[in-house]
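Data block below; observations after.
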Amino acid sequence: MNGNRARVDARDKVMGAPLFAADRVPDGLAHAALATATIDRGRIAALDTARAEAVPGVRLVLTRLGEDELRTAGFLMAGGYAFQSFQPLTSDRIAYRGQPVALVVADDPVAATHAAELVEARYEAEPHAVRIDDPGATVVLQQEAIPLPFLADVVVGDADAELAKAEVRVEAVYEHPSQNSAPMELIGAVVQWRGDTLVVHEGTQNAASIRHGLAHQLGIDAERVEVVSPYTGGGFGQKNSLQPHIGPLAIAARRLGRPVKLVLTRPQVFHQASFRPVSRHRISLGADASGRLLAAVHEADQQTSRHDLFPATFTEVTSRLYGVPAFRGRQRLVQTDVQTPGYMRAPFEHPGAWAMECAVDELAHAAGADPVELRLANDTTHDPVTGKPFSSRHVAECLQRGAELFGWAKRRPEPAQWIASDGSQVGWGVAIGAYPAASTPAVARAVAYPDGRVGVEVDGHEMGQGIRSAITLLVADLMGVPANRVTVGLGDTRVATQHLTAGSWGTSSALPAVHAAILKLRETLGGRRPTGAPVAVSASNGLPEPLQERARAGQVALAGPVWDDFVAYSFIAHFVEVRVAAGTRRIRVPRVVSVADCGRVASPVTAASQVRGGVVWGLGAALREGLEVDERYGGFVNATLEEYPVTVNADVARIDVEFIDRPDPLLNPVGVKGLGEVSMVGVAAAASNAIFHATGRRVRRLPITIADLL
Ligand code: MOS
């Protein structure tokens with residue numbers, strides 16, 4: 001480990017040392033599998049479990065739990081604890097294809113899987129809608145359906161009147177498909193009772209929601225639920241709350257008096273966990289002859305489920321990319337027969353900025369302006385929505401430094417004019433991204449040991465993003481000890497609340513708490529090591545007590561991005577080169593340059609990886625990923641990693657990453673903003689814009705494939 005370049009758990013991970021949830025093998029472990037619905041909507045008329053029960057080794061087949069035995073945990077965004085309010089196995093309702101209809105538990109996983117396939121269900125099917133344009137889909141205006149201030153449409157000035165006066169105008173509709181987070185670690189849990197305490201091992205971003213949600217579902221005290229999740233194998237929003245399989249597993253474990261393990265198959269993850277919903281964006285931009293924006297309209301439709309209104313906040317970010325004096329947002333939700341969709345890395349910022357930044361490219365083309373120059377000309381120091389200053393905003397530096405690194409000055413402005421020596425068409429595209437800098441309550445406990453070690457326990461989940469490294473480096477720096485003398489406890493309800501880690505607020509919420517605790521520890525120690533007993537202190541990150549109270553109760557508790565005196569966002573600029581092959585029209589991406597403004601860079605190695613990961617995701621969205629809906633039966637046709645192609649090494653060539661690395665003066669004492677999600681925002685637009693530059697084809701639907709360029 002060398003100073004501030006450490007990635008502290010790298011060696012352990014390479015050696016396979018960390019235990020993920022499914023790695024736990026308690027004595028007497030039984031294995032579960034699910035039988036799932038083959039219709040999209042209707043009721044279960046009859047269930048025959050006799051053949052399943054006859055399989056040797058089968059111990060239990062659960063088909064129906066009383067609503068008092070397993071209450072609904074409620075929808076996370078409506079005061080509940082789960083990714084959806086609908087709880088399978090508590091009624092005869094089928095709300096989506098792939099919904100569990102039976103949980104089978106056996107001595108080994110083969111018997112459980114085999115038996116689950118033998119559960120026979122007869123259904124009464126009802127008409128269903130799976131596409132946002134299907135006749136049975138129900139459209140609601142979000143701000144009327146969910147009257148919460150932060151979900152109201154952003155409206156500044158009279159955008160329509162300004163548009164009518166504009167010298168240059170573009171208007172276009174952009175269609176984004178549904179996608180699945182597809183984290184490497186499948187969703188699953190090992191659940192066991194230790195006396196009357198329920199112990200849950202599950203890879204999660206929100207151990208507190210599992211604890212309090214299960215307590216609510218099972219009618220037990222939250223003190224009797226422990227959730228242990230020190231490492232999560234990728235979450236990306238899909239693991240942000242209680243999953244519906246854990247309650248039934250807990251009941252099965254109690255009935256059998258044995259620990260029970262369930263790991264969803266990959267197709268089950270596609271059908272039973274949250275996903276990025278379909279969205280459609282109509283963007284209208286008006287500018288003066290030089291390309292200075294006068295007005296923007298962003299009307300978005302987003303898919304949701306029948307049972308929950310998954311709220312959209314597209315216009316929160318698209319209204320803040322530039323200093324646009326007039327903006328009108330309008331967001332609608334379209335109810336279809338699916339499991340409730342949810343947050344997937346840059347849930348609104350990526351699709352919203354893709355649409356907006358493609359439209360800005362169209363505007364630059366229409367105005368005959370350079371896309372970088374046009375963006376610089378529309379930069380702002382103040383939030384155009386509230387009029388407050390940004391806490392920090394280095395968009396111009398991101399664009400200027402990125403252009404320099406990329407060699408943008410050599411770009412030929414006209415599209416479809418640049419042919420490489422191998423005959424491929426070359427295109428360069430640019431786009432920016434922004435992501436709200438929110439914070440959540442975090443409490444840290446710091447301990448100094450007589451032998452010089454320092455331990456920190458804090459709210460936060462390590463899901464591959466490197467929060468453990470960021471915390472370790474800060475502690476090592478403040479205590480003047482090597483990083484290998486620092487231990488960090490995370491993701492475990494026995495050491496802290498473990499409120500939701502998401503929204504790119506993990507590091508910026510945990511570090512200020514750790515910072516405060518370490519300063520307090522240093523003061524307590526007075527420059528000396530403890531003699532005898534270790535010395536421990538605690539401190540919070542200082543968010544208001546009512547928010548901390550909500551977090552302790554396992555509910556979403558958020559502050560920002562609009563604060564009293566400023567508005568806080570992270571920013572980024574991406575530059576993408578594409579090459580479109582002459583005959584096959586295959587699209588390749590030889591290089592990407594990304595320059596990020598995330599405040600102070602807390603951990604350089606993991607931060608650069610975060611940005612590369614975000615770029616890879618953005619390229620996946622631009623060129624690969626999209627769920628294919630089965631109109632006949634509901635569900636998704638390509639629910640495997642063979643048929644849902646995510647970007648792999650062969651798709652990604654060179655990604656150069658730089659940071660502005662200037663501490664945010666206002667947001668928190670450590671000066672960090674978020675990074676994980678902003679890294680993805682704008683990548684797909686830069687790639688789409690590069691494809692236009694290469695080919696002269698404007699494709700307004702993702703993913704862009706060979707078929708679009710033939
Ligand atoms: Mo993230 S999509 O907020 O986990």
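The values are calculated or read from the model by the stated rules, or taken from the named source; none is laboratory data. Keep in mind that this is a model prediction, so the values were computed, not measured. Reconstructed Cβ throughout: ideal geometry from the backbone, glycine too, with neighbour counts over all protein chains shown.
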| Among (1) under 26 Å from GLU462 (Cβ atoms); (2) in contact with a strand residue (DSSP E or B) (Cβ under 9 Å, 6 or more places away or on another chain); (3) surrounded by 24 or more Cβ atoms within 10 Å (Cβ to Cβ), the one test that THR315 misses | (1)
| message | For segment 166-174, check the following and say yes or no: at least one residue is within 16 Å of the ligand (Cβ to nearest atom) and either closer than 27 Å to ASP40 by Cβ or β-branched (Val, Ile, Thr) (or both). | response | no
| Can you tell me which of HIS114, HIS31 is in the same structural domain as ILE251 (by TED's automatic domain parsing), surrounded by 15 or more Cβ atoms within 10 Å (Cβ to Cβ), outside any loop (DSSP other than H, G, I, E, B) and more than 32 Å from the chain's Cα centre (by Cα)? | HIS114
| query | Only one of these conditions is not met by ALA182: (1) in a loop (DSSP other than H, G, I, E, B); (2) surrounded by fewer than 20 Cβ atoms within 10 Å (Cβ to Cβ); (3) touching a Leu at 6+ places or on another chain (Cβ under 9 Å). Which number is it? | reply | (2)
| said: Contact list please: Cβ distance under 7 Å, first residue in segment 489-511 and touching a residue at least 40 places away in the same chain (Cβ under 8 Å) and in a helix (DSSP H, G or I), second residue within 16 Å of the ligand (Cβ to nearest atom) and of a type in the set (Lys, Arg), pairs at least six apart or on different chains. | reply: SER508/LYS673
| VAL678 being away from the ligand (no atom under 16 Å from the Cβ) and modelled with pLDDT of 95 or more | no
| request: Please work out if LEU525 is under 22 Å from ALA607 (Cβ atoms) and more than 16 Å from the ligand (Cβ to nearest atom). | output: no
| query | Given the residues ALA50, ALA82, which is the only one that is under 28 Å from the mean Cα position of the chain (by Cα) and among the small types (Gly, Ala, Ser)? | reply | ALA82
| task | Can you work out which of the residues in segment 215-241 that are in contact (Cβ under 8 Å) with a residue 40 or more places away in the chain and part of a helix (DSSP H, G or I) is farthest from the ligand (Cβ to nearest atom)? | result | LEU218
| task | Run THR336 past the list (1) surrounded by 24 or more Cβ atoms within 10 Å (Cβ to Cβ); (2) within 16 Å of the ligand (Cβ to nearest atom) and report the number of the one that doesn't hold. | result | (2)
| message | Could you tell me how many of the residues in segment 590-605 are part of a strand (DSSP E or B) and buried (at least 24 other Cβ atoms within 10 Å of the Cβ)? | response | 7
| task | Determine if segment 418-431 includes at least one residue that is touching a Pro at 6+ places or on another chain (Cβ under 7 Å) and modelled with pLDDT of 95 or more. | result | yes
| note | Among (1) away from the ligand (no atom under 16 Å from the Cβ); (2) assigned by TED's automatic domain parsing to the domain that holds GLY618, HIS201 falls short only on (2)
| Subset tally (residues that are surrounded by fewer than 24 Cβ atoms within 10 Å (Cβ to Cβ) and either at pLDDT below 95 or small (Gly, Ala, Ser) (or both)) for segment 189-199 | 1
| request: Read through the list (1) touching a helix residue (DSSP H, G or I) at 6+ places or on another chain (Cβ under 9 Å); (2) more than 15 Å from the ligand (Cβ to nearest atom), then give the number of the only condition that HIS271 fails. | output: (1)
| task | Could you check GLN465 against (1) touching a strand residue (DSSP E or B) at 6+ places or on another chain (Cβ under 6 Å); (2) buried (at least 24 other Cβ atoms within 10 Å of the Cβ) and say which number it fails? | result | (1)
| request: Just one of (1) in a strand (DSSP E or B); (2) in contact with a Ser or Thr (Cβ under 6 Å, 6 or more places away or on another chain) trips up ARG169, so point out which. | output: (2)
| task | Could you please let me know if ASP656 is surrounded by fewer than 18 Cβ atoms within 10 Å (Cβ to Cβ) and either without any contact (Cβ under 8 Å) to a residue 12 or more places away in the chain or outside any loop (DSSP other than H, G, I, E, B) (or both)? | result | yes
| task | With the condition kept exactly as written, say whether any residue in segment 200-209 is modelled with pLDDT of 95 or more and surrounded by fewer than 24 Cβ atoms within 10 Å (Cβ to Cβ). | result | no
| request: List every residue pair whose Cβ atoms sit under 7 Å apart, with the two residues 6 or more apart in sequence or on different chains, where the first one lies in segment 512-540 and is assigned by TED's automatic domain parsing to the domain that holds LEU473 and the second, anywhere, is outside any strand (DSSP E or B) and among the polar types (S, T, N, Q). | output: PRO512/ASN541; PRO512/ASN668; ALA513/ASN541; ALA516/ASN541; VAL535/THR524; VAL537/THR524; SER540/GLN548
| note | All conditions in (1) away from the ligand (no atom under 16 Å from the Cβ); (2) under 20 Å from LEU321 (Cα atoms); (3) part of a helix (DSSP H, G or I) are true of LEU667 except (3)
| request: Working only within segment 340-378, note down all residues that are more than 16 Å from the ligand (Cβ to nearest atom), assigned to a loop (DSSP other than H, G, I, E, B) and in contact with a His (Cβ under 9 Å, 6 or more places away or on another chain). | output: none
